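Taken together, the values in this text are just the output of simple stated rules run on the coordinates, not laboratory data. What you are looking at is a predicted structure, and each value in this text was computed from that prediction instead of being measured. All Cβ positions, glycine included, derive from the backbone under ideal geometry; neighbour counts span all protein chains shown.
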Amino acid sequence: MATLTITGGRVIDPSQNLDQQTDLLLENGKVARIGRVSKPVGPTIDAAGCIVCPGLIDVHVHFREPGHEEKETVKSGAAAAVAGGFTSVCCMPNTNPALDDDGRVRFIYRQSQRANLANVYPIGAITKARAGKELAEIGLMSRRGAVGFSDDGCAVADAGMMEKALRYIAMTGKVVMQHCEDPSLGGGAMNAGALATKLGLSGWPRVAEEVIIQRDILLCRHQNYAPRYHVQHLSSAGSVELVREARRHTPNITAEASPHHLLLTEESCASYDTHFKMNPPLRSAADVKALCAAVAEGVITLLATDHAPHTREEKDLEFASAPYGVIGLECALALYIKALIEPGVIDWPRLITLTSCNGAALCGLTGKGSLAVAPGSGNDADVTIIDPNLSWTIDIDQFAGKSRNCPFDGWPVKGRATAVVVGGECKMALESGRLRGFEAVPAGRAKALLMSDY
Amino acid sequence: MSKQLGNQADDYRWPHRHLLSLEELSSQDIRFLLTTALGFESVSTRSVKKVPALRGRVVVNLFFEDSTRTRASFHLAASRLSADVLEFSAKGSSVAKGETLIDTARNIEAMGVDAIVVRHQQSGAARMVSQAVGCSVLNAGDGQHEHPTQGLLDVFTIAKRLNRTDTFDFTGLKVAIVGDIAHSRVARSNVHALQKLGARVVLVGPPTLLPGGFRDMGCELSHDLDAVLPGVDAVNMLRVQFERLTSQAFPSVREYSSLFGLTAARMQRARKDILVMHPGPMNRGLEIESAVADSPNSTILEQVTNGLAIRMAGLFLTVGAS
């Protein structure tokens, strides 16, 4: 019987309101027991001083396969996920070709199995080729395991099309994730305002996001809030207000925030450094403050990186010409800590809720986001072990992922995932001194160097 | 025939000059018409397939929309009642020259006719004609509103198969109607007929083709055919009406048939004796697999046969009431 015992950690599992120092026994890929294990048999991880929680989940990543494997593949992305402490991720369908049929949904699962690192779940496209004109084969994709639907990268712009999509996807019970950007208002290089004017860059105003959010909320209301609707990477204080009001009427409307929007402002664009070009753009300090407050309040229901790899050649362009996007998986946890735990915005159980439980619920990932031992079969043995006090420096050259477009390079941070278990198997363990019965498992760059077919 | 009326009150008289919708018929009206049809069935099995019920009367088939079986069925029904039948088609008529529906109807009536059977692509057209003329009007399908004789022949078929023709009481029965409910006049007429006879109706289709308003009409709504199938006595598969779809209603034919098509594999979930119905024309391989359409469960050809007696009864009663 394959077992792994994690001893002496602070086990935090918000799904069962648990926060106590104890041991965790994993057996045959499932959580078998929470409680003192007096004489552990087999491999053990000493988690003293660490937090032990359900594996972190990121519902918004871009793995570029198929089509742009030079930026990231399912395998390299899964390696980046594990290096950052994530056991499950949901990849967006803006690949080339788009993930818009059941065959491609299946392809992502197959690549995920081959990588055998983090679980990679596919989000299916809402419309064929994400063109916003015709429904994609949503029913067939759902049946094949698509865990949500999105045209991420762009919004479903046409109101009639979106109304139909919400109605149709509600049939599957899956969530609709919207990239909220009205194409006739958005599309600029940075936040619209005085700074953009001074820099001579085109603006992407808050209203481009807010108008889509408000429209979609009205469409959901028109359907008696039956659809499950999720606002991706919310960026403005005005958007927070809209989502807050909507959530007074329904829990089916949810929203996420990304680490860069919680820590950075448009001022960063002043140097024309393209690492600060993202979509939606960085906004003002007031927006950052509103987003953090929304996280504390529960208006923002989960955190997601929008991990968006691009090659160096693409980012080394003039600001207006460079693609949008930043990578996030390998430093997200430390950034969440910096933005939310260190200033006392939220506590650890809440952070685990936002980075694990709620993602599993949003995408219906059964067996994930909880360490509860259910009668019959427990939840999957996906566990992240976090040393909350470990100080380190973000170094893009140590990343496992293929791309380096990270604006946080060189930042001193505190807190890091030191071991990750997926399906009962240790996929990453940094400190050999804490391990008994097995060797350290490399992560980051060290892992990437060992991987074939990268 | 009076013996077969069973539970009908002795002083009942058919009160309708027109047959425009099943919504406006009472359950007593429907049972009376079905019982009348039962009496006309034997005409088709005689060597001389005619009765003199409408001898000397004139019935006009006024069809503004393509039809094969309904038109032929009404023609034959009128012939068997010994009426003279005039075929009028929108193509090559004065309609093509810009005449209004009301003028067309009045001109035809002016030739001295007793009944106009009208099919039109617009909802409400049959009622409009009925208000413009003095003779009887029978609706042979108006847009996506109603197709009363289809609804009647469907319940007639169910009653015959399930031996309920003595009372035409459908209490305890549950019928699923599957497919493009939104654009279907057959669905609407079936809902009224089935509910008035006491059956429960569950409508199944993609959300884009299943308006929530049907819930207000007392129907159960579902998007999951697999879940519905085991609990129903009959399943009525509607044709996907591509000609009525103004925008994409489902992602692909492949997805539609795998979610809502009645396949032999899916039939494994149904009761052994489930009735499989289809108003025709079928898109074989789309909403219904050939193996199912041609199976012993299928009532598809019986529906066509039964249509004749239903339309004889409809013509006989409405013209007789004028």
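Taking each residue as 0.36 nm, the span from residue B:110 to residue B:321 lengthens on full extension beyond its C-alpha to C-alpha distance by 74.0 nm.
Each residue of region A:114-125 was assigned a 3J(HN,Hα) from its phi angle through the Karplus expression (A = 6.51, B = -1.76, C = 1.60, θ = phi - 60°), giving 4, 5, 6, 10, 7, 6, 10, 9, x, 9, x, 6 Hz with x at Gly and Pro.
Would you work out if the protein assembly as shown is rounded, prolate or oblate? Take a ≥ b ≥ c from the square roots of the eigenvalues of the alpha-carbon gyration tensor; rounded if a/c is under 1.5, else prolate when a/b is larger than b/c, oblate otherwise. The shape class here is prolate. Mind giving me the FRET efficiency for residue A:272 and residue A:347? R0 is 41 Å, r the Cβ-Cβ distance, nearest 0.05 is fine. It comes out at approximately 0.60.
Shape class of region A:54-363 from the Cα gyration tensor (axes a ≥ b ≥ c, square roots of the eigenvalues): rounded, since a/c falls below 1.5. Summing -39500 (n - 2.57) over the DSSP H runs of n ≥ 4 in chain A and dividing by its residue number, what mean residue ellipticity at 222 nm do you reach, to the nearest 500 deg cm²/dmol? About -7500 deg cm²/dmol.
Counting only aspartates and glutamates at least 8 places from residue A:39 when in the same chain, those with an alpha carbon closer than 13 Å to its own are A:23. Placing a pseudo-label 7 Å from each Cα along the Cα-to-Cβ vector at residue B:253 and residue B:216 gives an inter-label distance of 3.6 nm.
In this rough spin-label picture, where each label sits 7 Å from Cα along the Cβ direction, the residue A:398-residue B:301 distance is 7.9 nm. Summing Lys and Arg as +1 and Asp and Glu as -1 over all other residues whose Cβ lies under 14 Å from the Cβ of residue B:207 gives a net charge of +1.
Count Lys and Arg as plus one, Asp and Glu as minus one, and take only other residues whose Cβ is under 10 Å from that of residue B:293; the net charge is then -2. Between residue A:285 and residue A:221, the simple label model (points 7 Å from Cα in the Cβ direction) yields a spacing of 3.5 nm.
Which loop chymotrypsin sites (Phe, Trp or Tyr not before Pro) in region A:216-309, with loop taken from DSSP, have no more than 11 other Cβ atoms within 10 angstrom of their Cβ? Hits after loop and neighbour filter: nothing returned. Think of chain B as having a plus end and a minus end, set by charges on the Cβ of Lys, Arg, Asp and Glu; of B:122, B:162, B:232, B:162 sits farthest toward the positive end of this dipole. Counting pairs of alpha carbon atoms under 8 Å apart in space and at least six apart in sequence, what relative contact order in percent does chain B give? That works out to 21 percent.
Against the longest principal axis of chain B, how steep is helix B:27-40, in degrees 0 to 90 to the nearest 10, with axes from Cα atoms? Helix B:27-40 sits at roughly 70 degrees to that axis. Given a Förster distance of 35 Å, report the FRET efficiency between residue B:294 and residue B:246 from their Cβ-Cβ distance, rounded to the nearest 0.05. Once rounded, the FRET efficiency stands at 0.60. Among the listed pairs A:128/A:164; A:315/A:402; A:368/A:447, a Cα-Cα separation exceeding 20 Å is found for A:368/A:447. Sequence-distant contacts, meaning Cα pairs under 8 Å at least 6 residues apart, place the relative contact order of chain A at 20 percent. Summing charges over neighbours of residue A:90, with a neighbour being any other residue whose Cβ is under 12 Å away from its Cβ, gives -2 when K and R count +1 and D and E count -1. When you filter the trypsin sites (Lys or Arg not before Pro) in region B:229-312 for DSSP loop state and at most 16 other Cβ atoms inside 10 Å of their Cβ, you are left with B:269, B:271, B:272.
Indicate the gyration tensor shape class of chain B (rounded, prolate or oblate), computed on the Cα atoms with a ≥ b ≥ c the square roots of the eigenvalues: a/c under 1.5 is rounded; otherwise a/b larger than b/c is prolate and the rest oblate. Note, shape of chain B comes out oblate. Taking amide H as placed 1.01 Å from N in the peptide plane, the amide H of residue A:100 sits under 5 Å from that of A:125, each at least 5 places away or on another chain. With the helix formula -39500 (n - 2.57) applied to DSSP H stretches of n ≥ 4, chain B reaches a computed 222 nm mean residue ellipticity of -10500 deg cm²/dmol.
Loop-located GluC sites (Glu not before Pro) in region A:386-454 (DSSP state not H, G, I, E or B) with no more than 16 neighbouring Cβ atoms inside 10 Å: A:431, A:439. When trypsin sites (Lys or Arg not before Pro) are flagged only if DSSP places them in a loop and at most 16 other Cβ atoms lie within 10 Å, the longest unflagged stretch of chain A comes out as A:249-403.
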